[in-house]
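Beneath this line is the structure, given in structure tokens, with notes to follow.
The values are calculated or read from the model by the stated rules, or taken from the named source; none is laboratory data. Values in this document were obtained by computation on a predicted structure and should not be read as measured data. Cβ placement follows ideal geometry from the backbone for every residue including glycine, while neighbour counts extend to all protein chains displayed. What goes into the accessible areas is simple: the full protein's heavy atoms, side chains included, and nothing from ligands, DNA or RNA. Shrake-Rupley method; radii C 1.70, N 1.55, O 1.52, S 1.80 Å.
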Amino acid sequence: MREWRVVWSRAVLLSIMQPMTLAELERKVEELRAAWRAALAEVTDAEALEAARIRFLGRKGHLTRLLSSLKEFPPQERPHAGRILNQLKREISQAIEEKGREIEQREWERRLAAERYDFTLPGKWRPLGHLHPLTQVRLEIEDIFMRMGFDVASGPEVEDDYHNFEALNIPEDHPARDEWDSFYIDDTHLLRTHTSPVQIRVMKSRKPPVRIICPGRCYRRDTPDATHSPVFHQVELLWVERGLTMAHLKWIIEEFVRRFFGPGYEMRFSADFFPFTEPSAQVHIRREGGPWLEIMGAGMVDPAVLTEVGYDPEEVTGFAFGLGIERMAMLRWGIEDIRLFYQNDIRFLSQF
Ligand code: FA5
């Protein structure tokens, strides 16, 4: 026993001290190749593959150690030694890459099979937002008039005195100015009190025939109550062409109300006064049995306004109205207080 140990350790010592021959290297490379193949055959996952890589190619790996023995070979043997070592290194690296891809593919297939969707399961409910009721009503009004051939126009919310009042036949000291109690920005600019100034802007920039609607925000120093808000929305309508009469205006309004509300509503025309229309009217609507609510002011465009914008009142006539969007929404859904539209109470808004 003792003898054997002495012999064995001598052999080891010798092998350490003596430089390796090429034949020995070739044998070791073959052994290593066999060991690598056996190790690779056992690998089934990415972790084991990485462990094998470290064992063979890592800093202290089998092949790395063999590679470091290259310098012990005499220069004329080194190219051959290098070639067989590098050949093995390439083989191992390539095998690692291929195995890696194989493992990834298998993992992917396993996940695809495991995570199959069951389309028969009930879906998850997610709360969805929707358009504000006033926006819904505005879009619907626009849609009805666009189908009738009207364009949608717009104008500034900060208006000047001229467009908001003067050009609409309301001179500075006219008592009608008090009806539209205004928010002034400076001496000559204010937040528009109605959408009628857009009539002026459109007529000044186009020749007749003109057929537009203009939805927009308006501002008045009105005390808030169930049917009034200091900020509210109107839709202006203007049609100027040869031969238009009050009968056409009445037909348009009736047709619009019929399309918007459908059955179950009543409409009432009555005389009114606006400096920019003559004659003028107001329109009330009610749900069957409910209270009347004023929805708009309307009338035939005053000849003075047509002249102001450069149209010839002998040639063309026109009509216009200003409709309250909030009031339309209130009538449609039976809402009794206009202020509900601006409070952003989700319990209210989620009903539309
Ligand atoms: C006007 O504003 C005129 N420019 C309408 C007009 C246009 C007449 C074209 C002739 C030709 P009035 O002030 O009546 O008119 O307002 C029209 C509509 O706007 C009202 O019927 C109402 O529906 C709505 N409205 C007016 N003031 C408020 C307010 N403070 N809050 C909510 N809606 C309002």
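Structural remarks
- Lysine pair number, Cα distance threshold 29 Å (strictly under), the chain, separation 8 or more or different chains: 11
- Rg to Rh quotient for segment 2-115, alpha carbon positions, Kirkwood Rh: 1.14
- Over the chain: helical MRE at 222 nm, DSSP H runs n ≥ 4 each giving -39500 (n - 2.57), nearest 500: -14000 deg cm²/dmol
- Candidates Ile252, Ile96, Ile335: whichever shows maximal mean-square fluctuation once the chain is modelled as a Gaussian network with Cα springs under 10 Å: Ile96
- The GluC sites (Glu not before Pro) of segment 161-265 that meet both conditions, a loop assignment by DSSP and at most 10 other Cβ atoms within 10 Å of the site Cβ, are Glu172.
- Considering only Gln87, Gln282, Gln234, the mean-square fluctuation computed in a Gaussian network model of the chain, springs between alpha carbons under 10 angstrom, is largest for Gln87.
- Rolling a 1.4 Å probe over the protein chains gives His189 an accessible area of about 70 Å².
- Volume of the convex hull of the chain (Cα atoms only), normalised per residue: 349 Å³.
- Dividing the mean sequence gap of close Cα pairs (under 8 Å, 6+ apart) by how many residues segment 2-115 holds gives a relative contact order of 27 percent.
- Euclidean distance of C-alpha centroids, segment 141-191 and segment 42-80, integer Å: 87
- For peptides 271-280, 314-323, sequence by mean Cβ density within 10 Å, most packed first: 314-323, 271-280
- Considering all C-alpha pairs of segment 75-198, those separated by over 18 Å amount to 78%.
- Counted residue by residue at 0.36 nm each, then reduced by the alpha carbon distance between them, the extension gain from Asp45 to Ala226 reaches 57.9 nm.
- Taking the empirical scaling 2.2 N^0.38 Å for compact globular proteins as reference, segment 132-193 has a Cα radius of gyration ratio of 1.45.
- Within the chain, percent of DSSP bridges classed antiparallel, to nearest 5: 95
- Accessible area of the chain belonging to carbon and sulfur atoms, whole % at 1.4 Å probe: 53
- Gaussian network model of the chain, Cα within-10 Å springs - most flexible of Asp118, Asp143, Asp337: Asp118
- Segment 228-352 - Debye-derived log10 I(q)/I(0), Cα point model, q = 0.18 Å⁻¹: -0.97
- Area of Glu294 that stays accessible when all protein chains are in place (1.4 Å probe, Å², to 10): 70
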